[in-house]
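Down below is the structure, laid out as structure tokens.
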């Protein structure tokens, strides 16, 4: 039982999240929420205009990508560079191209 409790605490400490919003400033209702210890590539819905990225560890590294294979798929196209975390990320204006997908690295 003690080992199981430690595993649960350990797993919860590594959860990553990517919360999508229709607004450009992460206001209003959540469009799509992603929260998992296994988040890697997270495709952005076409109706999403901002995302809030975080992990419980606080030392996030996320990349923005110009393309996606499909909703729920993977990142493709050009890597647009590292993107901010623990703040609102506008998908339309942060880089020279719209961010279609984010990748936790």
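The values are calculated or read from the model by the stated rules, or taken from the named source; none is laboratory data. Keep in mind that what you see is a predicted model, and the values were worked out from it rather than measured. Note that each Cβ is placed from the backbone with ideal geometry, even for glycine, and that neighbours are counted across all protein chains shown.
Note on the stretch 58-76: among residues that are in contact with a strand residue (DSSP E or B) (Cβ under 9 Å, 6 or more places away or on another chain) and surrounded by fewer than 15 Cβ atoms within 10 Å (Cβ to Cβ), the one that is modelled with the lowest pLDDT is 61.
Taking the stretch 30-53 as the range and being more than 21 Å from residue 93 (Cβ to Cβ) and either modelled with pLDDT of 95 or more or assigned to a strand (DSSP E or B) (or both) as the test, the residues that pass are 33, 34, 35, 36, 41.
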